[in-house]
Amino acid sequence: VGVGGMASVYLALQTSLDREVALKIMAPALAADPSFSKRFLQEARMLASLAHPNIVQVYDVGVTQGQLHYFSMQYLGGGDFTQRIRGGIAERDLVRILGGVTNALGYAHQRGYVHRDVAPGNILFDVNDTPVLTDFGIARALSQGARITSAGISVGTSHYMSPEQARGGDVDARSDLYGLGVLTWFGLTGRPPYEGADGFAVSYAHVFEPIPRLPAAQAHWQPLIDKALAKDPAQRYQTADEFIAALNALESRAAAMNPDEQEVPTRTIKRDSFNPAPRVGEAPTGIGVLPSMEESLTAHKVDAAVPEAGRRGGLSWAIATIGLLLIAGVGYALLSAPQRNPDESKVLAGRADRTPVQSPPMAQPESIKPVQEEEIAAPIQEIVDPGAPESNEPDPLSGEEQQLDLSKVPTVIDPVAELVRLGRNDLAAQRLMNPPRINAFERFSTALRIDPKSAKARQGILDTAQAYLDLADKAWAVQDQGEFLAYLSKVADVAGSIPEGAALVKAAQARRMREVDTYLADADLAVVRWDKPAAKSAYEKVLQLDPGNNKAREGLRSVDRIGAPGFVFRDKAGPELVVTSATLAFARRETTRGEFANWWRAAGQRQFAGKESSCRDRESVFRSSRKRTWQDPGIIQDDRHPVVCVSFAQAQAYASWLSKESGQRYRLPTPAEWEQVARSAPAGSCASANLADNAFKRVYDSKTGSECDDGHAATAPVGSFPAVSGLLDIDGNVREWVAACGKSAPLSAGCRDHGIRGRGWLSAADKESVTQGDSYADDVSLNSLGFRLVREIGK
């Protein structure tokens with residue numbers, strides 16, 4: 001969109017944020033010269049350090065692998081100061097614009113920078129009509145010792161240079177205020193205060209010629225001009241604040257004037273009359289001078305850049321005039337033509353080949369240029385309705401006097417249909433929400449505002465949202481999570497604008513949550529594998545997609561505890577485990593009936609069918625029976641309760657099967673391992689463990705037991721009581737098998753008795769300890785005895 005001697009400026013789309021930017025790229029031929037590279041990057045860094053609403057914003061700066069120096073900045077599509085003045089401007093608006101530029105310069109001066117090129121082409125306007133100062137390419141820090149330009153060389157735009165700048169001398173903030181004075185003169189008159197045959201002549205005038213005089217109608221601006229354009233910097237405004245004060249005084253005067261007069265532009269400059277002399281060192285072109293980059297930035301869209309005042313003052317009148325001429329021309333042709341035969345009438349009705357009707361020459365006043373045949377043909381063709389039905393009514397062009405019914409004259413274009421057509425084109429070209437005003441969403445939305453019942457406009461909005469959903473899928477396919485989220489956000493913005501889009505909004509949310517679930521599964525797997533980096537990465541990705549995800553937040557807090565004592569995890573085919581030492585993890589609860597049933601169906605029934613042990617009821621030798629089994633233990637249970645009536649051999653077989661299923665080594669704990677974790681359990685009561693209590697005594701008519709009541713006469717579902725050292729039911733509920741020969745000896749091949757530990761649902765709290773030990777024979781099981789496993793780690 002603009003080419004200069006040092007760089008080119010492109011209109012670009014920053015895809016990550018879906019916004020238009022101006023991309024400034026230094027000419028490759030200059031990259032080899034360090035001074036040019038330094039000046040180019042200096043401009044970018046300087047602008048990036050200046051955060052002000054009236055100074056262009058820089059977004060990014062860098063050098064590509066191909067050594068192209070670039071920086072991206074705010075795109076300003078509202079035209080420049082020159083175009084604003086050409087269109088005509090009210091004094092109040094001129095004061096506003098000059099005030100914005102002065103504020104920008106004051107801000108830069110406070111931070112130690114002098115702009116040195118305050119010219120109309122360097123003042124652009126954003127979409128809110130805010131004046132924005134640009135092109136700091138030759139700006140200089142007041143405190144810098146080494147200058148990029150050599151002493152004695154003038155740098156800047158000759159028409160707007162201060163005298164000291166034209167002489168190549170030292171400059172400071174007052175040089176920029178001189179430039180503001182020149183800018184003010186240009187805003188009032190449409191031309192610079194000094195002109196000449198070349199840049200040298202203009203610079204000479206700035207140094208030696210007197211300050212010019214304004215016309216009488218603008219004489220109230222002369223004091224500001226005289227002080228701002230003083231040859232001696234000491235006699236000028238010394239700060240931007242002083243210049244602002246002078247502007248405020250003029251604004252107060254303007255406000256006191258008739259309000260109606262404020263809407264009238266101070267003057268209007270004809271475009272063809274503005275042709276400033278070429279700048280020093282610049283090649284003349286067909287339009288006078290090679291424009292600066294910022295001037296070129298909007299020159300390709302002059303009509304779009306014409307300010308609102310100019311559009312009101314010029315363009316709207318031009319459109320109205322053309323429209324009236326067309327209507328008058330067509331009306332004259334329709335009402336004054338001689339009577340024609342029926343064939344000619346059909347031509348006028350649009351039933352032939354739409355060839356424009358040839359009218360006899362009409363007398364024209366000499367002051368009006370006749371409209372050529374080819375100029376009026378197209379408008380007539382558009383206004384004539386090609387689909388009008390035949391009528392038996394008198395020919396309106398006959399000699400009889402007829403009243404023209406304007407309500408039956410068709411419009412040239414259906415705006416809704418045209419907007420939908422253009423929106424479809426934008427959709428096909430992937431112009432979904434950008435560039436501004438020329439995109440599918442805005443076209444369809446505008447059509448819908450015109451006709452809220454337009455089904456095609458609504459469908460267009462839905463199709464635009466679907467296009468963003470498709471783009472989100474493509475972004476995810478290349479693992480671009482930022483683009484993925486941005487596109488899903490666009491789906492919500494677009495589809496959420498109409499009620500029919502609710503399904504697409506939900507689809508976008510579901511699409512996002514699908515990836516959240518995938519990452520959570522990855523995190524769980526990483527935790528199982530004890531892969532801390534992978535788990536952390538997965539949880540972080542979840543939070544990027546779903547910042548409020550509690551599982552990911554908790555996982556991220558606990559990821560550093562992976563493998564440490566107290567860490568809770570689960571294998572793919574095993575129970576929930578808690579790490580108790582560097583080499584061992586305990587099952588958090590006893591093995592349940594449901595888990596035991598899975599083994600029984602898979603392997604246990606084939607191994608132990610017909611070999612059931614004798615199961616004792618309440619540990620009494622007199623209530624021992626082979627009919628009592630783990631499926632029917634003589635007490636009320638479901639799959640959540642700990643499995644009982646299991647022999648030591650069955651517990652061992654279950655551990656071997658689980659080891660094969662999970663690929664990890666599971667076994668029964670040794671007496672020492674079991675006692676180590678059980679020692680920290682409290683003494684036991686109805687609140688901390690399932691022991692014999694009033695509920696037990698009522699059901700079994702026993703006098704042994706605590707006076708409290710935990711609500712469970714026999715076993716309770718696992719996990720019904722608080723954990724001890726991360727383990728559930730280590731005290732109470734059921735006693736547990738341990739890997740021992742006899743009560744505590746290590747296992748051996750000829751061992752016939754095996755150890756048990758702990759208290760169960762029939763244990764009296766005041767008569768038995770937490771680490772109560774005992775042993776039973778191979779062919780014995782109890783409906784108060786179950787088991788839990790341990791898993792070896794670090795091997």
Point to revise | Set 104, 108: member being under 34 Å from the mean Cα position of the chain (by Cα), closer than 15 Å to residue 179 by Cβ and at pLDDT below 90 | key: 108
Point to revise | Within region 592-676, helices (runs of 4 or more DSSP H) holding 3 or more residues that are without any contact (Cβ under 8 Å) to a residue 40 or more places away in the chain | key: 648-662
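Residue under question is residue 489, and the condition is that it be within 30 Å of residue 417 (Cβ to Cβ) and surrounded by fewer than 20 Cβ atoms within 10 Å (Cβ to Cβ); does it hold?
no
With the structure loaded, tell me whether residue 28 is free of Cβ contacts under 8 Å to residues at least 12 places away in the same chain and open to solvent by 60 Å² or more (accessible area, probe 1.4 Å) or whether it fails that test.
No.
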Review point. What are the residues in region 667-708 that are in contact with a strand residue (DSSP E or B) (Cβ under 9 Å, 6 or more places away or on another chain), hydrophobic (A, V, I, L, M, F, W, C) and modelled with pLDDT under 90, if any?
Key: 681
Review point. Just a yes or no: is a residue in region 51-63 assigned to a loop (DSSP other than H, G, I, E, B), open to solvent by less than 40 Å² (accessible area, probe 1.4 Å) and β-branched (Val, Ile, Thr)?
Key: yes
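Out of all the residues in region 22-60, which are within 22 Å of residue 5 (Cβ to Cβ) and within 21 Å of the chain's Cα centre (by Cα)?
Of region 22-60, the ones within 22 Å of residue 5 (Cβ to Cβ) are 22-47, 56, 58.
Within region 22-60, 22, 23, 58 qualify.
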Practice item. Could you list, in sequence order, all residues of region 107-136 that are in contact (Cβ under 8 Å) with a residue 24 or more places away in the chain and open to solvent by 10 Å² or more (accessible area, probe 1.4 Å)? Key: 107, 109, 111, 112, 113, 116, 117, 126, 127, 129, 130, 135
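For (1) open to solvent by 30 Å² or more (accessible area, probe 1.4 Å); (2) out of contact with any helix residue (DSSP H, G or I) (no Cβ under 7 Å at 6 or more places or on another chain), each residue gets a yes or a no:
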site: 548; (1), (2): yes, yes
site: 554; (1), (2): yes, yes
site: 566; (1), (2): yes, yes
site: 574; (1), (2): no, no
site: 589; (1), (2): yes, yes
site: 642; (1), (2): no, yes
Check your understanding: For region 492-504, which residues satisfy the criterion of being more than 18 Å from residue 548 (Cβ to Cβ) and either open to solvent by 40 Å² or more (accessible area, probe 1.4 Å) or not in a helix (DSSP H, G or I) (or both)?
Key -> 493, 496, 497, 498, 499, 500, 502, 503
**Study point:** Residue among 515, 595 that alone is under 27 Å from residue 652 (Cβ atoms), out of contact with any Ser or Thr (no Cβ under 9 Å at 6 or more places or on another chain) and open to solvent by less than 80 Å² (accessible area, probe 1.4 Å)
**Key:** 595
Exercise for review: Filter region 68-106 down to residues that are among the polar types (S, T, N, Q) and crowded, with 24+ Cβ neighbours inside 10 Å, then give me how many there are.
Suggested key: 1
Exercise for review: Scan region 7-21 and give yes if some residue there is over 22 Å from the mean Cα position of the chain (by Cα) and open to solvent by 60 Å² or more (accessible area, probe 1.4 Å), otherwise no.
Suggested key: yes
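The values are calculated or read from the model by the stated rules, or taken from the named source; none is laboratory data. Not measured: the values here are computed from a predicted model. No Cβ is skipped: glycine too gets one built from the backbone with ideal geometry, and neighbour counts run over all protein chains shown. Accessible surface is based on the protein model in full, side chains and every heavy atom, while ligands, DNA and RNA are left aside. Shrake-Rupley method; radii C 1.70, N 1.55, O 1.52, S 1.80 Å.
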